[in-house]
Amino acid sequence: MSDDAWRRERRDDDEDFGPPLFGDVPTTEVRPGDLSFGDSDTGSLPHWTEPPTGEIPRVLSNPPPTDPTEDLDVWSSFSNAAPVWSDDAPSGAAPQPSGSGSGSGSDPVTPGPSASQPVWSDDAPGDPSVPVRREPGRIMIGTDPTDSAGRPMPRRGRQDPPARGARGTRPGPPRVGTRTAPADARDMPTAVLVGLGIGIVFIIAAVWRPWAALAVVVVVLGLAALEYFDKVTEKGYHPATITGVVACVAAPLAAYWVGETALPLILVLAFGAGTVTFMGSNGVESGPMPNIAITTLGITWIALLGSFAALILKFSTVPVVVAGGHVSLDLGTDTLVLLAIGVVANDVGAFFVGSATGRHPLRRWISPNKSAEGLVGGSLATLVVLGAIGAAHKSTTWNSLGDCLLLGLVICVAAPIGDLTESMFKRNLDIKDFGTIVKGHGGVLDRFDGFLFTLPAAYYLLEIVKPWVTK
(Lines give C-alpha, C1' and ligand atoms only; values in the text may rest on other atoms or scores of the structure.)
Protein backbone atom coordinates (compact mmCIF):
# COMPACT_ATOMS: atom_id res chain seq x y z
CA MET A 1 0.00 0.00 0.00
CA SER A 2 1.38 3.37 -0.92
CA ASP A 3 1.67 6.22 1.54
CA ASP A 4 -1.08 8.30 -0.15
CA ALA A 5 -3.47 5.38 -0.25
CA TRP A 6 -2.79 4.60 3.41
CA ARG A 7 -3.48 8.20 4.35
CA ARG A 8 -6.80 8.27 2.42
CA GLU A 9 -7.95 5.04 4.00
CA ARG A 10 -6.96 6.30 7.43
CA ARG A 11 -8.82 9.55 6.90
CA ASP A 12 -11.99 7.73 5.86
CA ASP A 13 -11.84 5.62 9.00
CA ASP A 14 -11.34 8.68 11.21
CA GLU A 15 -14.56 10.33 9.98
CA ASP A 16 -16.55 7.99 12.18
CA PHE A 17 -14.87 9.40 15.26
CA GLY A 18 -15.26 13.09 14.45
CA PRO A 19 -12.86 15.63 13.05
CA PRO A 20 -9.17 15.17 13.66
CA LEU A 21 -7.56 16.90 16.62
CA PHE A 22 -5.00 18.57 14.42
CA GLY A 23 -5.70 19.88 11.00
CA ASP A 24 -3.88 18.54 7.97
CA VAL A 25 -0.90 20.55 7.04
CA PRO A 26 -0.57 21.40 3.40
CA THR A 27 1.96 19.27 1.71
CA THR A 28 3.65 22.34 0.28
CA GLU A 29 4.38 23.86 3.72
CA VAL A 30 7.60 22.79 5.37
CA ARG A 31 7.98 23.51 9.05
CA PRO A 32 11.26 23.45 10.99
CA GLY A 33 11.96 20.00 12.23
CA ASP A 34 10.14 18.20 9.34
CA LEU A 35 11.99 15.71 7.23
CA SER A 36 12.97 17.13 3.90
CA PHE A 37 13.64 15.06 0.77
CA GLY A 38 15.03 16.12 -2.51
CA ASP A 39 12.99 16.34 -5.72
CA SER A 40 14.13 12.95 -6.87
CA ASP A 41 13.47 11.35 -3.50
CA THR A 42 9.70 11.90 -3.40
CA GLY A 43 7.46 8.96 -3.79
CA SER A 44 6.45 5.95 -1.82
CA LEU A 45 8.50 4.72 1.07
CA PRO A 46 10.42 1.49 0.63
CA HIS A 47 8.76 -1.66 1.83
CA TRP A 48 9.77 -2.87 5.27
CA THR A 49 11.13 -6.08 3.85
CA GLU A 50 13.66 -4.28 1.67
CA PRO A 51 17.26 -4.06 3.01
CA PRO A 52 18.33 -0.69 4.47
CA THR A 53 20.30 1.70 2.31
CA GLY A 54 22.41 3.14 5.14
CA GLU A 55 21.57 6.74 4.21
CA ILE A 56 20.71 9.26 6.93
CA PRO A 57 18.02 11.84 6.16
CA ARG A 58 18.77 15.50 6.64
CA VAL A 59 16.76 17.31 9.29
CA LEU A 60 17.29 20.81 7.97
CA SER A 61 17.61 21.82 4.39
CA ASN A 62 20.40 24.26 5.22
CA PRO A 63 22.42 22.80 8.14
CA PRO A 64 24.74 25.12 10.11
CA PRO A 65 28.45 25.08 9.33
CA THR A 66 30.29 22.19 10.93
CA ASP A 67 32.60 22.94 13.90
CA PRO A 68 36.08 21.56 13.11
CA THR A 69 36.52 20.56 16.74
CA GLU A 70 33.12 18.90 17.00
CA ASP A 71 34.46 15.38 16.59
CA LEU A 72 37.45 15.91 18.88
CA ASP A 73 37.50 13.31 21.62
CA VAL A 74 38.44 15.26 24.74
CA TRP A 75 38.73 12.03 26.74
CA SER A 76 41.18 10.40 24.36
CA SER A 77 44.13 11.42 26.53
CA PHE A 78 42.76 9.51 29.52
CA SER A 79 42.76 5.79 29.90
CA ASN A 80 40.05 3.70 31.49
CA ALA A 81 42.33 2.80 34.36
CA ALA A 82 41.93 4.28 37.82
CA PRO A 83 44.22 7.27 38.62
CA VAL A 84 47.39 6.74 40.61
CA TRP A 85 49.36 9.69 41.94
CA SER A 86 52.90 9.71 40.68
CA ASP A 87 54.51 10.33 44.05
CA ASP A 88 52.66 7.42 45.67
CA ALA A 89 53.01 4.82 42.94
CA PRO A 90 52.19 1.31 44.15
CA SER A 91 54.98 -1.13 44.75
CA GLY A 92 56.10 -2.91 41.62
CA ALA A 93 54.98 -0.14 39.27
CA ALA A 94 57.50 1.46 36.96
CA PRO A 95 58.35 5.05 37.96
CA GLN A 96 56.81 7.69 35.73
CA PRO A 97 58.73 10.79 34.67
CA SER A 98 57.64 14.06 36.16
CA GLY A 99 56.55 15.44 32.83
CA SER A 100 54.47 12.49 31.71
CA GLY A 101 50.71 12.59 31.34
CA SER A 102 48.37 14.65 29.26
CA GLY A 103 47.91 17.45 31.72
CA SER A 104 50.42 20.02 32.79
CA GLY A 105 51.50 20.78 36.31
CA SER A 106 53.80 19.54 38.96
CA ASP A 107 51.55 16.66 40.04
CA PRO A 108 50.40 14.71 36.97
CA VAL A 109 47.99 11.81 37.05
CA THR A 110 49.39 8.66 35.57
CA PRO A 111 47.33 5.65 34.58
CA GLY A 112 47.41 2.81 37.02
CA PRO A 113 46.12 -0.74 36.95
CA SER A 114 42.66 -1.28 35.60
CA ALA A 115 39.89 -1.12 38.18
CA SER A 116 36.17 -0.76 37.77
CA GLN A 117 35.78 1.25 40.95
CA PRO A 118 38.53 3.08 42.89
CA VAL A 119 39.39 1.50 46.22
CA TRP A 120 41.86 3.35 48.41
CA SER A 121 45.02 1.71 49.66
CA ASP A 122 44.14 1.94 53.35
CA ASP A 123 40.93 0.01 52.66
CA ALA A 124 42.75 -2.83 50.92
CA PRO A 125 46.38 -2.79 52.04
CA GLY A 126 48.94 -4.85 50.24
CA ASP A 127 47.09 -4.92 46.88
CA PRO A 128 49.39 -3.48 44.21
CA SER A 129 46.46 -2.96 41.84
CA VAL A 130 44.77 -0.49 44.16
CA PRO A 131 45.49 3.21 43.74
CA VAL A 132 47.06 4.99 46.67
CA ARG A 133 45.33 7.90 48.30
CA ARG A 134 47.44 10.98 48.17
CA GLU A 135 48.07 12.83 51.40
CA PRO A 136 49.34 16.38 51.93
CA GLY A 137 53.05 16.87 52.17
CA ARG A 138 54.66 16.89 55.58
CA ILE A 139 57.64 18.74 56.94
CA MET A 140 60.27 16.28 58.01
CA ILE A 141 61.49 17.31 61.43
CA GLY A 142 64.59 15.84 62.96
CA THR A 143 66.69 15.55 59.82
CA ASP A 144 68.96 17.93 57.98
CA PRO A 145 66.72 20.34 56.04
CA THR A 146 69.35 20.46 53.28
CA ASP A 147 69.18 16.70 52.87
CA SER A 148 66.46 15.41 50.58
CA ALA A 149 66.26 12.06 52.34
CA GLY A 150 63.87 12.41 55.27
CA ARG A 151 62.49 9.93 57.71
CA PRO A 152 59.43 8.08 56.46
CA MET A 153 56.28 9.29 58.09
CA PRO A 154 53.48 6.90 58.99
CA ARG A 155 50.47 7.12 56.67
CA ARG A 156 47.19 7.92 58.28
CA GLY A 157 44.48 5.50 57.43
CA ARG A 158 42.29 2.79 58.76
CA GLN A 159 44.16 -0.07 60.31
CA ASP A 160 43.63 -3.66 59.37
CA PRO A 161 40.69 -5.14 61.24
CA PRO A 162 41.60 -7.74 63.84
CA ALA A 163 41.25 -11.37 62.97
CA ARG A 164 37.83 -12.87 63.59
CA GLY A 165 37.63 -14.32 67.05
CA ALA A 166 40.81 -12.59 68.29
CA ARG A 167 40.79 -11.66 71.96
CA GLY A 168 42.22 -8.59 73.61
CA THR A 169 42.16 -6.36 70.52
CA ARG A 170 41.25 -3.30 72.58
CA PRO A 171 43.48 -3.32 75.63
CA GLY A 172 43.12 -0.78 78.37
CA PRO A 173 45.56 2.09 78.90
CA PRO A 174 49.08 0.74 79.43
CA ARG A 175 50.96 1.26 82.61
CA VAL A 176 53.44 4.06 82.24
CA GLY A 177 56.11 2.58 84.47
CA THR A 178 58.62 -0.11 83.59
CA ARG A 179 57.25 -2.99 85.61
CA THR A 180 58.16 -5.39 82.80
CA ALA A 181 61.64 -4.59 81.59
CA PRO A 182 62.02 -4.37 77.79
CA ALA A 183 64.86 -5.95 75.91
CA ASP A 184 66.94 -2.74 76.02
CA ALA A 185 66.25 -1.93 79.71
CA ARG A 186 68.96 -0.50 81.91
CA ASP A 187 71.24 -2.74 83.89
CA MET A 188 70.15 -1.41 87.27
CA PRO A 189 72.95 -2.87 89.44
CA THR A 190 75.57 -1.48 87.07
CA ALA A 191 73.77 1.86 86.84
CA VAL A 192 73.67 2.20 90.64
CA LEU A 193 77.34 1.33 91.03
CA VAL A 194 78.43 3.74 88.29
CA GLY A 195 76.28 6.51 89.75
CA LEU A 196 77.75 6.00 93.22
CA GLY A 197 81.26 6.04 91.76
CA ILE A 198 80.67 9.35 89.97
CA GLY A 199 79.17 10.88 93.10
CA ILE A 200 82.06 9.79 95.31
CA VAL A 201 84.63 11.21 92.88
CA PHE A 202 82.83 14.53 92.71
CA ILE A 203 82.38 14.82 96.49
CA ILE A 204 86.05 14.07 97.09
CA ALA A 205 87.07 16.71 94.53
CA ALA A 206 84.67 19.28 96.01
CA VAL A 207 85.86 18.68 99.57
CA TRP A 208 89.50 18.86 98.57
CA ARG A 209 89.66 21.99 96.37
CA PRO A 210 87.09 24.07 94.45
CA TRP A 211 89.29 23.98 91.33
CA ALA A 212 89.29 20.16 91.49
CA ALA A 213 85.50 20.21 91.39
CA LEU A 214 85.76 22.68 88.50
CA ALA A 215 87.96 20.19 86.63
CA VAL A 216 85.24 17.57 86.98
CA VAL A 217 82.67 20.04 85.66
CA VAL A 218 84.84 20.93 82.63
CA VAL A 219 85.40 17.26 81.76
CA VAL A 220 81.70 16.47 82.07
CA LEU A 221 80.66 19.40 79.84
CA GLY A 222 83.34 18.58 77.27
CA LEU A 223 82.24 14.94 77.02
CA ALA A 224 78.58 15.98 76.84
CA ALA A 225 79.41 18.37 73.98
CA LEU A 226 81.24 15.63 72.08
CA GLU A 227 78.24 13.33 72.44
CA TYR A 228 75.80 15.99 71.31
CA PHE A 229 77.69 17.14 68.22
CA ASP A 230 78.57 13.58 67.25
CA LYS A 231 74.92 12.51 67.42
CA VAL A 232 73.48 15.45 65.44
CA THR A 233 76.18 14.91 62.81
CA GLU A 234 75.17 11.27 62.60
CA LYS A 235 71.57 12.37 61.99
CA GLY A 236 72.45 14.51 58.96
CA TYR A 237 73.32 17.92 60.36
CA HIS A 238 76.71 19.55 59.78
CA PRO A 239 77.40 21.71 62.85
CA ALA A 240 80.59 23.59 63.61
CA THR A 241 81.76 20.83 65.96
CA ILE A 242 85.14 22.27 66.89
CA THR A 243 83.62 25.65 67.69
CA GLY A 244 80.90 24.05 69.80
CA VAL A 245 83.19 21.79 71.83
CA VAL A 246 85.69 24.59 72.46
CA ALA A 247 82.88 26.88 73.64
CA CYS A 248 81.53 24.21 76.02
CA VAL A 249 84.97 23.81 77.59
CA ALA A 250 85.90 27.50 77.67
CA ALA A 251 82.61 28.77 79.10
CA PRO A 252 82.94 27.24 82.63
CA LEU A 253 86.61 28.25 82.83
CA ALA A 254 85.80 31.85 81.89
CA ALA A 255 82.85 31.93 84.32
CA TYR A 256 85.03 30.66 87.19
CA TRP A 257 87.77 33.16 86.37
CA VAL A 258 85.75 36.32 85.52
CA GLY A 259 82.19 35.67 86.63
CA GLU A 260 78.82 35.61 84.91
CA THR A 261 79.73 38.65 82.78
CA ALA A 262 82.01 36.36 80.75
CA LEU A 263 79.16 34.18 79.49
CA PRO A 264 77.69 36.70 76.98
CA LEU A 265 81.18 37.17 75.55
CA ILE A 266 81.60 33.41 75.11
CA LEU A 267 78.26 33.18 73.30
CA VAL A 268 79.11 36.07 70.97
CA LEU A 269 82.54 34.68 70.11
CA ALA A 270 81.15 31.18 69.53
CA PHE A 271 78.37 32.46 67.29
CA GLY A 272 80.79 34.58 65.30
CA ALA A 273 83.20 31.68 64.88
CA GLY A 274 80.37 29.45 63.66
CA THR A 275 79.19 31.97 61.05
CA VAL A 276 82.74 32.50 59.77
CA THR A 277 83.13 28.73 59.46
CA PHE A 278 80.16 28.51 57.09
CA MET A 279 81.25 31.58 55.15
CA GLY A 280 84.19 29.50 53.98
CA SER A 281 81.90 26.83 52.48
CA ASN A 282 81.33 26.44 48.74
CA GLY A 283 77.74 27.63 48.71
CA VAL A 284 74.36 27.79 50.37
CA GLU A 285 74.06 24.02 49.89
CA SER A 286 76.05 23.70 53.13
CA GLY A 287 72.91 24.80 55.00
CA PRO A 288 74.40 27.65 57.05
CA MET A 289 71.19 28.64 58.80
CA PRO A 290 70.02 25.26 60.19
CA ASN A 291 73.55 24.14 60.98
CA ILE A 292 74.48 27.35 62.80
CA ALA A 293 71.19 27.01 64.68
CA ILE A 294 71.97 23.43 65.74
CA THR A 295 75.46 24.55 66.82
CA THR A 296 74.07 27.43 68.87
CA LEU A 297 71.54 25.08 70.49
CA GLY A 298 74.34 22.86 71.79
CA ILE A 299 76.34 25.82 73.07
CA THR A 300 73.34 27.34 74.85
CA TRP A 301 72.09 24.07 76.28
CA ILE A 302 75.41 22.62 77.45
CA ALA A 303 77.93 25.47 77.72
CA LEU A 304 75.70 28.26 79.04
CA LEU A 305 73.57 26.25 81.46
CA GLY A 306 76.46 24.05 82.60
CA SER A 307 78.68 27.05 83.32
CA PHE A 308 76.51 27.98 86.30
CA ALA A 309 78.22 25.12 88.13
CA ALA A 310 81.44 27.11 87.83
CA LEU A 311 79.66 30.24 89.03
CA ILE A 312 78.43 28.34 92.11
CA LEU A 313 81.95 27.08 92.79
CA LYS A 314 83.25 30.64 92.53
CA PHE A 315 81.52 31.36 95.86
CA SER A 316 84.16 29.16 97.47
CA THR A 317 86.98 31.44 96.30
CA VAL A 318 85.93 34.34 98.54
CA PRO A 319 85.94 34.05 102.34
CA VAL A 320 82.48 34.69 103.80
CA VAL A 321 81.40 35.08 107.41
CA VAL A 322 78.61 32.59 108.02
CA ALA A 323 76.16 32.20 110.87
CA GLY A 324 78.11 31.45 114.03
CA GLY A 325 80.77 34.07 113.35
CA HIS A 326 83.41 31.97 111.59
CA VAL A 327 84.77 32.33 108.07
CA SER A 328 83.84 29.73 105.48
CA LEU A 329 85.11 28.82 102.02
CA ASP A 330 82.55 26.11 101.47
CA LEU A 331 79.61 28.08 100.10
CA GLY A 332 80.05 26.94 96.50
CA THR A 333 81.14 23.37 97.09
CA ASP A 334 78.54 22.89 99.84
CA THR A 335 75.75 24.14 97.54
CA LEU A 336 76.91 21.99 94.62
CA VAL A 337 77.03 18.85 96.80
CA LEU A 338 73.52 19.51 98.13
CA LEU A 339 72.37 20.10 94.58
CA ALA A 340 73.80 16.77 93.44
CA ILE A 341 72.16 14.95 96.34
CA GLY A 342 68.78 16.53 95.59
CA VAL A 343 68.89 15.76 91.84
CA VAL A 344 69.95 12.15 92.42
CA ALA A 345 67.17 11.71 95.01
CA ASN A 346 64.71 13.13 92.50
CA ASP A 347 65.79 10.68 89.79
CA VAL A 348 65.75 7.67 92.11
CA GLY A 349 62.39 8.50 93.65
CA ALA A 350 60.81 9.16 90.25
CA PHE A 351 62.12 5.88 88.87
CA PHE A 352 60.94 3.59 91.65
CA VAL A 353 57.58 5.29 92.28
CA GLY A 354 56.88 5.56 88.57
CA SER A 355 57.77 1.91 87.99
CA ALA A 356 55.46 0.77 90.78
CA THR A 357 52.42 3.03 90.39
CA GLY A 358 52.88 5.10 87.22
CA ARG A 359 49.72 5.23 85.08
CA HIS A 360 49.44 8.84 83.88
CA PRO A 361 52.23 9.98 81.53
CA LEU A 362 53.47 13.54 81.79
CA ARG A 363 53.94 13.85 78.02
CA ARG A 364 53.48 10.55 76.25
CA TRP A 365 54.96 11.75 72.95
CA ILE A 366 58.18 12.79 74.73
CA SER A 367 58.66 9.83 77.05
CA PRO A 368 55.89 7.35 77.83
CA ASN A 369 57.80 6.09 80.90
CA LYS A 370 57.80 9.44 82.72
CA SER A 371 54.61 9.58 84.74
CA ALA A 372 52.86 12.05 87.00
CA GLU A 373 53.18 9.53 89.84
CA GLY A 374 56.92 9.42 89.25
CA LEU A 375 57.08 13.21 89.37
CA VAL A 376 55.34 13.22 92.74
CA GLY A 377 57.56 10.42 94.05
CA GLY A 378 60.74 12.19 92.96
CA SER A 379 59.63 15.45 94.53
CA LEU A 380 58.83 13.77 97.84
CA ALA A 381 62.21 12.01 97.84
CA THR A 382 64.05 15.30 97.23
CA LEU A 383 62.18 17.17 99.95
CA VAL A 384 62.65 14.36 102.46
CA VAL A 385 66.40 14.09 101.87
CA LEU A 386 67.12 17.83 101.89
CA GLY A 387 64.72 18.37 104.79
CA ALA A 388 66.61 15.79 106.82
CA ILE A 389 69.94 17.53 106.04
CA GLY A 390 68.49 20.90 107.05
CA ALA A 391 66.94 19.53 110.26
CA ALA A 392 70.23 17.93 111.25
CA HIS A 393 72.22 21.11 110.40
CA LYS A 394 74.69 19.17 108.30
CA SER A 395 75.32 22.12 105.97
CA THR A 396 77.12 25.30 106.95
CA THR A 397 75.64 27.18 103.97
CA TRP A 398 72.03 25.99 103.93
CA ASN A 399 71.87 25.80 107.69
CA SER A 400 68.10 25.94 108.28
CA LEU A 401 65.24 23.62 107.49
CA GLY A 402 63.36 26.30 105.53
CA ASP A 403 66.33 27.11 103.29
CA CYS A 404 66.95 23.44 102.51
CA LEU A 405 63.29 22.89 101.68
CA LEU A 406 63.36 25.96 99.42
CA LEU A 407 66.35 24.52 97.57
CA GLY A 408 64.46 21.23 97.34
CA LEU A 409 61.45 22.94 95.75
CA VAL A 410 63.69 24.51 93.10
CA ILE A 411 65.14 21.08 92.31
CA CYS A 412 61.66 19.52 92.11
CA VAL A 413 60.70 21.99 89.38
CA ALA A 414 63.94 22.38 87.42
CA ALA A 415 65.24 18.79 87.36
CA PRO A 416 62.17 17.27 85.61
CA ILE A 417 62.25 20.09 83.06
CA GLY A 418 65.86 19.27 82.24
CA ASP A 419 65.06 15.58 82.00
CA LEU A 420 62.06 16.14 79.70
CA THR A 421 64.05 18.56 77.53
CA GLU A 422 66.73 15.97 76.83
CA SER A 423 64.09 13.29 76.19
CA MET A 424 62.32 15.63 73.76
CA PHE A 425 65.53 16.22 71.81
CA LYS A 426 66.25 12.49 71.71
CA ARG A 427 62.74 11.78 70.44
CA ASN A 428 63.18 14.43 67.75
CA LEU A 429 66.47 12.85 66.67
CA ASP A 430 64.97 9.35 66.95
CA ILE A 431 67.70 8.04 69.24
CA LYS A 432 67.72 6.18 72.57
CA ASP A 433 70.77 7.80 74.18
CA PHE A 434 73.26 10.49 73.26
CA GLY A 435 76.15 8.20 74.15
CA THR A 436 77.31 5.00 75.80
CA ILE A 437 80.36 6.18 77.73
CA VAL A 438 78.70 5.80 81.15
CA LYS A 439 77.81 2.12 81.48
CA GLY A 440 74.27 1.62 82.75
CA HIS A 441 73.33 5.28 82.16
CA GLY A 442 73.86 5.86 78.45
CA GLY A 443 76.00 8.92 77.87
CA VAL A 444 77.30 11.74 80.03
CA LEU A 445 74.59 14.02 78.71
CA ASP A 446 71.97 11.39 79.54
CA ARG A 447 73.20 11.21 83.13
CA PHE A 448 73.55 14.94 83.85
CA ASP A 449 70.52 16.28 81.93
CA GLY A 450 68.63 17.08 85.14
CA PHE A 451 71.47 19.32 86.34
CA LEU A 452 71.46 21.69 83.35
CA PHE A 453 68.29 23.56 84.32
CA THR A 454 68.84 23.15 88.04
CA LEU A 455 72.27 24.85 88.11
CA PRO A 456 71.13 28.37 87.05
CA ALA A 457 68.05 28.14 89.29
CA ALA A 458 70.17 27.20 92.32
CA TYR A 459 72.76 29.90 91.52
CA TYR A 460 70.23 32.73 91.51
CA LEU A 461 68.50 31.29 94.56
CA LEU A 462 71.87 31.38 96.33
CA GLU A 463 72.40 34.99 95.23
CA ILE A 464 68.96 36.15 96.39
CA VAL A 465 68.37 34.16 99.60
CA LYS A 466 71.95 34.17 100.98
CA PRO A 467 71.20 31.24 103.29
CA TRP A 468 74.54 31.39 105.10
CA VAL A 469 73.42 34.48 107.06
CA THR A 470 70.41 32.63 108.52
CA LYS A 471 70.78 31.66 112.17
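The values are calculated or read from the model by the stated rules, or taken from the named source; none is laboratory data. Treat the numbers as computed from the prediction; the structure is a model and nothing was measured. All Cβ positions, glycine included, derive from the backbone under ideal geometry; neighbour counts span all protein chains shown. Side chains included, ligands, DNA and RNA excluded: accessible areas come from the protein's heavy atoms. Shrake-Rupley method; radii C 1.70, N 1.55, O 1.52, S 1.80 Å.
Screening Ile437, Ile417 for residues that are of a type outside the set (Gly, Ala, Ser) and surrounded by fewer than 16 Cβ atoms within 10 Å (Cβ to Cβ) leaves exactly one candidate, Ile417.
The set of residues from the stretch 327-350 being without any contact (Cβ under 8 Å) to a residue 40 or more places away in the chain and in a helix (DSSP H, G or I) comprises Val348, Gly349. Among the residues in the stretch 279-291, are any outside any helix (DSSP H, G or I), of a type in the set (A, V, I, L, M, F, W, C), over 22 Å from Ala213 (Cβ atoms) and over 29 Å from the mean Cα position of the chain (by Cα)? No, the stretch 279-291 contains no residue that is outside any helix (DSSP H, G or I), of a type in the set (A, V, I, L, M, F, W, C), over 22 Å from Ala213 (Cβ atoms) and over 29 Å from the mean Cα position of the chain (by Cα). Counting the residues of the stretch 404-437 that are of a type in the set (Lys, Arg) and not in a helix (DSSP H, G or I) gives 1.
It is to be established whether one or more residues within the stretch 373-394 are in contact with a strand residue (DSSP E or B) (Cβ under 8 Å, 6 or more places away or on another chain) and in a helix (DSSP H, G or I). No. Within the stretch 362-376, the set of residues being crowded, with 23+ Cβ neighbours inside 10 Å and of a type in the set (Gly, Ala, Ser) comprises Ser371, Gly374.
Step by step: first the residues of the stretch 207-251, then only those that are outside any helix (DSSP H, G or I) and within 17 Å of Gly298 (Cβ to Cβ), then the one that is most open to solvent (accessible area, probe 1.4 Å). Which residue is that?
Going through the qualifying residues, I end up with His238.
For Phe453, the conditions (1) without any contact (Cβ under 8 Å) to a residue 40 or more places away in the chain; (2) in a helix (DSSP H, G or I) all hold with the exception of (1). Can you find a residue that is surrounded by 22 or more Cβ atoms within 10 Å (Cβ to Cβ) and in contact (Cβ under 8 Å) with a residue 60 or more places away in the chain anywhere in the stretch 422-434? Scanning the stretch 422-434 turns up at least one residue that is surrounded by 22 or more Cβ atoms within 10 Å (Cβ to Cβ) and in contact (Cβ under 8 Å) with a residue 60 or more places away in the chain. If you filter the stretch 338-361 down to residues that are farther than 13 Å from Gly408 by Cα and of a type in the set (A, V, I, L, M), you find that the one that is least open to solvent (accessible area, probe 1.4 Å) is Ala350. Has the stretch 257-266 got any residue that is surrounded by fewer than 18 Cβ atoms within 10 Å (Cβ to Cβ), touching a residue at least 24 places away in the same chain (Cβ under 8 Å) and more than 19 Å from Leu455 (Cβ to Cβ)? No, every residue in the stretch 257-266 fails to be surrounded by fewer than 18 Cβ atoms within 10 Å (Cβ to Cβ), touching a residue at least 24 places away in the same chain (Cβ under 8 Å) and more than 19 Å from Leu455 (Cβ to Cβ).
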